[in-house]
Amino acid sequence: MIIQLKQCVSSVPLRACQTMLSAGGRKKRDAISLAHIGPIARPSLRLFNQHPESGQRAGNGVLYAPEFFIPGAGMPRNITLIKDKILSDNYFILHNITYDLTRSDGELVRHKREVYDRGNGATILLYNRERQTVVLTRQFRVATWVNGNPDGMLIESCAGLLDADEPEACARKEAIEETGYKVGAVEKLFELYMSPGGVTELIHFFIAEYDDSHLAWQGGGVEDEDIDVLEMPFTDALAKVASGEIRDGKTVILLQQLQLRGVMDQARS
């Protein structure tokens, strides 16, 4: 059976492409995972509801696309994708992935894993060398509340999902939406996978210097967000990391990068 790709975010690892599947006179929404294969040149793909080698039927709307996952074309040579089933696409996308792993000793083992695809993101830390301050945010994070954070509030560097934006554009947008500062020059530090055992997200890390002339509004977020803007001495922020008051991973990394790179010690240009 042939399906036509309607929308594809091919630059995002494991980002599901939305498809329309025509079968038996019925149209059914389904999805396939692209897993690093890059932009799609072909207008259509041949998918199978039966594994072409084992003959096992997928069921539950799962389709096989074995021609996509050939060695060297997106999957590591010791990995064979067996199944990628979409468990949920309510807000983000939850995959149930089955694959065979050929170990270094030649043994073949089958893994079944759930992978949460929430897209990629960007985070930015604003700093002022003259005042020796940084700007952070504080907001309720339900996942931390579920996992032992009594009030669910978390101190963070401003951040957000890329959606259709380039990483730097996203970082600038999040800075003005959350903190109110429309910054000038930004510096990209690196990009990191933050929870590679089960989450696809790759975060792009930025820093930028701010001053009062950059303040466009009071900040606090947009739409349904409720964000506190915190300007504090850099030394206080480091102390909060040591005490455990700041325990958001991306924020700790950015604060430590300011310290390791001696950014706050440099003369302002």
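The values are calculated or read from the model by the stated rules, or taken from the named source; none is laboratory data. Please read these numbers as outputs of a predicted model, since none were measured by experiment. FYI the Cβ positions are ideal-geometry reconstructions off the backbone, even for glycines, and counts take in every protein chain you see. To get the accessible areas, we keep the full protein, side chains included, count just its heavy atoms, and leave off ligands, DNA and RNA. Shrake-Rupley method; radii C 1.70, N 1.55, O 1.52, S 1.80 Å.
Find the accessible area per residue for the stretch 131-235; the probe is 1.4 Å, ligands and nucleic acids are left out, and the unit is Å². Working shown, then result.
Working: 5400 Å² over 105 residues.
Computed with neighbouring chains in place, this is 51 Å² per residue.
In the structure shown, do any of LYS182/LYS250; LYS173/LYS250; LYS112/LYS188; LYS173/LYS240 have a Cα-Cα gap over 29 Å, and if so which? The partial results should precede the final answer.
On the way: LYS182/LYS250 21 Å; LYS173/LYS250 18 Å; LYS112/LYS188 35 Å; LYS173/LYS240 26 Å.
The answer is LYS112/LYS188.
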Worksheet item: Between THR133 and residues 5 or more places away or on another chain, which pairs have amide H atoms under 5 Å apart, with H built 1.01 Å from N, and which residues are they?
Response: ASN128, PHE234
Discussion item. For the stretch 87-188, what does the relative contact order come out to in percent, with C-alpha contacts under 8 Å and a separation of six or more?
Written reply: 20 percent
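List the trypsin sites (Lys or Arg not before Pro) in the stretch 199-268 that DSSP assigns to loop (not H, G, I, E or B) and whose Cβ has at most 10 other Cβ atoms within 10 Å. Which are they?
On the way: sites: LYS240, ARG247, LYS250, ARG261, ARG268; in loops: ARG247, ARG261, ARG268.
Passing sites in the stretch 199-268 are ARG268.
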Worksheet entry | TYR91-GLU223 FRET efficiency (beta carbon distance; Förster radius 22 Å; 0.05 resolution) | 0.95
Worksheet entry | Amide H contacts under 5 Å for GLU201, placed H, 5+ residues apart | ARG118
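Plugging the Kirkwood radius over Cα pairs into Stokes-Einstein for the stretch 136-267, at a temperature of 4 °C and a viscosity of 1.567 mPa s, what D comes out in µm²/s? Show your work: numbers first, answer last.
Values: Rh = 15.7 Å.
This corresponds to a translational diffusion coefficient of 83 µm²/s.
Please list PHE140, PHE234 in order of solvent-accessible area, largest first, computed with a 1.4 Å probe with all protein chains present.
On the way: PHE140 105, PHE234 15 Å².
Output order, biggest surface exposure first: PHE140, PHE234.
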